[in-house]
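J.: To start, I am sharing the structure in question, which I have written as structure tokens.
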Amino acid sequence: MTQRTLVLLKPDAVRRGLVGQILGRFEAKGLSLVELELRTINGEQADAHYAEHLDRDFYPPLRTFITSGPLVAVVVEGEEAVPVVRTLIGPTDGRQAPAGTIRGDYSLSNRENLVHASDSPESADREIALWFPAA
Ligand code: CMP
């Protein structure tokens, strides 16, 4: 089944010059990039995106981080795109993510973990509407 998912290449990915390599992994897998924009978000936009995490201890520094510079917002489309992209990026903590995943290969952090991807089709619908209301 063809799905769409919302992917963010977070400010660490942009600062480290990893945007091309990360997007290349999605393309090499056979997925399509159907929306793409470099954007710097403010705190209110971060709160809307991470609505389910607002009360978590890790949220205040995450909010500072995600608003700290430009990120790349992307809508990725393809067969089973939601779980396929989650598999490609790997578990949240880059220190534990397996080699071969994006976080496993490029991140040593559970906050600065380079990529966000929707965790379910329902989240994807909500996040795509938030980031790309015209899509
Ligand atoms: P993401 O997939 O964008 O979803 C929530 C984000 O919160 C996660 O990636 C990390 O950037 C961050 N995060 C999750 N758990 C922790 C944690 N324990 N400590 C710090 N940051 C976290």
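Every read-out reported here was derived from the displayed coordinates using simple, explicitly stated rules and does not represent laboratory data. For clarity, every value in this text was computed on a predicted model and none was experimentally measured. Every residue, glycine as well, gets a Cβ built from its backbone with ideal geometry; the counts of neighbours run over all protein chains shown.
J.: If ALA51 satisfies every condition in (1) within 13 Å of the ligand (Cβ to nearest atom); (2) closer than 15 Å to ALA124 by Cβ; (3) under 13 Å from the mean Cα position of the chain (by Cα) but one, which is the exception?
T.: (3)
J.: For segment 5-48, what are the residues that are within 22 Å of ARG126 (Cβ to Cβ), outside any helix (DSSP H, G or I) and out of contact with any strand residue (DSSP E or B) (no Cβ under 9 Å at 6 or more places or on another chain)?
T.: ASN42
J.: Can you name the residue in segment 57-75 that is over 17 Å from ALA13 (Cα atoms) and either in a loop (DSSP other than H, G, I, E, B) or touching a strand residue (DSSP E or B) at 6+ places or on another chain (Cβ under 9 Å) (or both) and, of all such residues, is farthest from the ligand (Cβ to nearest atom)?
T.: Among them, the one singled out is ASP57.
J.: So which of GLY104, GLY94, GLY100, GLY78 ends up being of a type outside the set (Ser, Thr, Tyr), crowded, with 17+ Cβ neighbours inside 10 Å and more than 15 Å from the ligand (Cβ to nearest atom)?
T.: GLY78
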